[in-house]
Structures are given as structure tokens and as C-alpha cells.
Amino acid sequence: MRTNSPLSGLAYLGRGFKMLSEPGLRAFILVPLLINTVIFVGAIYLLVTNFSAWVDALIALWLPDWGWLDYLIYFLWPIFALVLVLMVYYGFSVVANFIAAPFNGILSERVEQRLRGEAISNELTLLQMIPGTLSRELAKLAYFIPRVLLLLILGFIPLINLATPVLWFFFSAWMMAIQYIDYPMDNNGLTFKRMKVLLKERRWSALSLGSVIQLGMLVPLLNLILMPAAVIGATIFWVEEYEAQSEQNRLR
């Protein structure tokens, strides 16, 4: 099934949640769940204690000091508040995903085995996966950092900076897609460069999945179990939307 639909993300993530309780997967869900709990409790604490001051600081940095623009603060405050929440949650998600990456890789592998009814060709143990998955997380950071810096620079340019909240949302959704869909692609031996090419071919489905993952992270309690559900949903995405590529990898 190759949908490339902007509405498909919610269905993939929903199916990911449904598979969370299946026997054989729970062992690789508990550790990411514990990691998520610790990380996101820290994120919530920081947001609660610093939220208003950080939003005011963002507005002071991005909005030109022109008196006739002061009235825009009342309209822009909610937008900048959303940007701040996305930035903090995504930052903590990067940390959580880096720590949980080996477990997520194994979880994705087990899910693909279950969906296909057979083992994939390069099954590895958790210890064997650690170097490769951590290296892959560093590749994601190398992709992420310069683009974040560009968005931050755009945030200092008058008038253009008014569009940066929208750019932040779509960029964050794209990074969430890369973060989670990369697990099954990496398990199937695809390079990071090839993964990005394939993801662009299914851009709408990828952005849809990334968007619902990103929005789900903003929901208290739901965000604690979101990571394993996102890994499972992304693996279903890989199996169904890249059937030809995944079939070629299995026949190698």
C-alpha cells in the first residue's frame, strides 16, 4: 500500500499504539518508557518554572523594537508560546531518542518480523546494535543542527521572523519523521543519505506522521508512551509504503 497521503500519519500512529500490548514487544517498550518518563518530567518542570520569562525573551529577540508593532505582541504571544513548547520538547526528545536508540532499533526489528511473519536478514543483538544506532543518531544531529541555526538566524530578520513559527512546525514534523522512520530503514541496511531520498518520495505521508508525533508529545501522559508507539507506527509506514524497497532488501 503506497498512499503518500497527508492524512495517513494518524492511522499509522494509532496502529502503533494498538501493538504496544502485544507479547514479545513489551521488553523493548519498558526501557524507552522509563527514559521518556524521566526526560519529560524534567521538560515539564523547566517549562512550568520558566515559561513566561522564556516566551517574553523570544518575543524580545524576534520582534523589532518598533513602537507601532507593539500591538502585535498580543497576537504573537500564543504563537511564540507554541514555538517555545515545540523547541523544548523537541530538544528533550533528541536526548531521549539518543539514549533509547538501541532499544528502538530492536523494537522496530521485532515489529517488522511480526508484520512480515519472518525474520529480516540482518538481525542483531542489542549490544551489536549500540554502535550503529548511536552513530546514526549523531548523523541525525549533524543534519538537524545547521538547519536549526538557520531558523534561529531567520528569527532575527524583521518581518521574515513572523513566519518562523510556521517554519519551526514543519521542520520539527520533518525531523520527527526522520527520527522514527530511520529505525526500520537502518535495520534494512539503508544509508542515512538513501533514507532521506526515500523519505522525500513519500513526503506527505512522512510529514503527516511527523506532525501527529510532534503534537502527541504536547499531550501530558500520552507523551510518555509516544516513543515506542511512534517506532511501531514508523515501522508499519516502512513496510507498507516502501514495499518494493523493503522486498529488495530482504532478498539480498
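The values are calculated or read from the model by the stated rules, or taken from the named source; none is laboratory data. A quick note: this is a predicted structure, and the numbers were derived from the prediction, not measured. Cβ sites come from the backbone with ideal geometry, for glycine too, and all protein chains shown count toward neighbours. Heavy atoms of the whole protein, side chains included, go into the accessibility calculation; ligands, DNA and RNA do not. Shrake-Rupley method; radii C 1.70, N 1.55, O 1.52, S 1.80 Å.
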(request) Please go through segment 205-231 and pick out each residue that is in contact with a helix residue (DSSP H, G or I) (Cβ under 8 Å, 6 or more places away or on another chain), more than 19 Å from residue 25 (Cα to Cα) and assigned to a helix (DSSP H, G or I). (result) 205, 206, 207, 208, 209, 210, 211, 212, 213, 214, 216
(message) Under 7 Å between Cβ atoms, which residue pairs at least 6 apart in sequence (or on different chains) link something in segment 74-95 that is among the small types (Gly, Ala, Ser) with a partner that is buried (at least 19 other Cβ atoms within 10 Å of the Cβ) and modelled with pLDDT of 70 or more?
(response) 81/55; 93/217
(request) Can you give me the number of residues within segment 179-194 that are in contact with a helix residue (DSSP H, G or I) (Cβ under 7 Å, 6 or more places away or on another chain) and either among the hydroxyl-bearing types (Ser, Thr, Tyr) or surrounded by fewer than 20 Cβ atoms within 10 Å (Cβ to Cβ) (or both)? (result) 4
(message) Of the conditions (1) surrounded by 15 or more Cβ atoms within 10 Å (Cβ to Cβ); (2) modelled with pLDDT of 70 or more; (3) over 19 Å from residue 220 (Cβ atoms), residue 62 satisfies every one except a single condition; which number is it?
(response) (2)
(message) Suppose we filter 11, 43, 57, 53 for residues that are farther than 25 Å from residue 88 by Cα and assigned to a helix (DSSP H, G or I); which single one remains?
(response) 11
(message) Under 6 Å between Cβ atoms, which residue pairs at least 6 apart in sequence (or on different chains) link something in segment 153-180 that is more than 19 Å from residue 101 (Cβ to Cβ) and touching a residue at least 24 places away in the same chain (Cβ under 8 Å) with a partner that is open to solvent by 20 Å² or more (accessible area, probe 1.4 Å) and among the β-branched types (Val, Ile, Thr)?
(response) 165/79
(message) Of everything in segment 174-204, what is modelled with pLDDT under 90 and assigned to a loop (DSSP other than H, G, I, E, B)? Give them in sequence order.
(response) 188, 189, 202
